[in-house]
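These notes concern the structure reproduced below.
Every read-out reported here was derived from the displayed coordinates using simple, explicitly stated rules and does not represent laboratory data. Keep in mind it's a predicted model, so treat the numbers as computed, not measured. Heads up, the Cβs are rebuilt from the backbone with ideal geometry, glycines too, and the neighbour counts pull from every protein chain shown.
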Amino acid sequence: MPASVPDHPAVNEAMQYCSACGKTVTSAIPDGDNRLRAICTACGTVHYQNPKIVAGCVPEHEGQILLCRRAIEPRCGFWTVPAGFMELGETLAEAALRETWEEALARVEIGPLFAAVDVIHAGQVHVFFSGVLARPEFGAGAETIETRLFLPADIPWSELAFPSIRIALERYLEIRRTGNQLVYLASAPRSIRG
Ligand SMILES: [Zn+2]
């Protein structure tokens with residue numbers, strides 16, 4: 001199998017019914033294609049499924065980093081940076097800005113994009129911007145239990161919500177140390193390390 005083809009199903013097994021006509025879908029390779037797709041057994045619509053983009057921000061205020069504790073599953077109760085699914089009609093940076101407002105009730109100035117993390121098993125790509133929180137004004141949005149500023153030494157590494165969040169925070173702190181602003185491309189493991 002070529003390295004570029006992932007070793008997991010390309011078809012989302014959760015899809016059972018055609019969104020065009022409501023009949024059942026099946027998994028098959030369409031003519032001229034090279035991988036399994038969800039195809040409607042009645043109207044023939046091919047339902048292409050592609051990765052979703054999650055945009056996030058590492059907000060910094062005077063050397064401290066703003067983290068949110070999740071109030072929703074998955075990983076309820078664990079810490080994250082503000083991040084969420086990009087919406088149609090917005091840019092990556094606008095998505096990061098919006099998520100930071102919705103989850104942390106914080107107005108940040110979005111800075112450079114510094115990391116892109118492939119999350120193959122979830123069918124997602126997570127991208128992270130740096131952000132400047134001019135004033136220490138923040139709160140808990142609807143999906144957040146609490147929001148706090150952490151000194152780098154106090155980051156709760158063993159209580160982070162997702163591997164990509166650890167990657168983003170590690171990379172962010174590395175940039176602060178080294179000044180190397182090159183965008184970092186990484187792949188997230190399936191499970192979080194402590
Ligand atoms: Zn159909």
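Give the residues of segment 14-37 that are among the aliphatic types (A, V, I, L, M), more than 10 Å from the ligand (Cβ to nearest atom) and touching a His at 6+ places or on another chain (Cβ under 9 Å), sorted by residue number.
Met15
Within segment 149-187, count every residue that is in contact with a helix residue (DSSP H, G or I) (Cβ under 9 Å, 6 or more places away or on another chain), within 22 Å of Glu103 (Cβ to Cβ) and of a type in the set (Lys, Arg).
Total satisfying the criteria: 1.
For segment 165-194, how many residues meet the condition of being closer than 13 Å to Pro112 by Cα and in a strand (DSSP E or B)?
1
From the list Ile120, Ile39, exactly one residue is touching a Pro at 6+ places or on another chain (Cβ under 7 Å), over 24 Å from Leu149 (Cα atoms) and crowded, with 17+ Cβ neighbours inside 10 Å. Which is it?
That would be Ile39, the only listed residue that is touching a Pro at 6+ places or on another chain (Cβ under 7 Å), over 24 Å from Leu149 (Cα atoms) and crowded, with 17+ Cβ neighbours inside 10 Å.
Yes or no: Gly77 without any contact (Cβ under 8 Å) to a residue 24 or more places away in the chain, more than 12 Å from the chain's Cα centre (by Cα) and assigned to a loop (DSSP other than H, G, I, E, B)?
When the stated conditions are applied, Gly77 does not pass them.
Is it the case, given these coordinates, that Ile165 is farther than 15 Å from Ala55 by Cα and surrounded by 14 or more Cβ atoms within 10 Å (Cβ to Cβ)?
For Ile165, the condition - farther than 15 Å from Ala55 by Cα and surrounded by 14 or more Cβ atoms within 10 Å (Cβ to Cβ) - is not met.
Could you run through segment 159-194 and say how many residues are under 16 Å from Gly131 (Cβ atoms) and small (Gly, Ala, Ser)?
Total meeting the criteria: 1.
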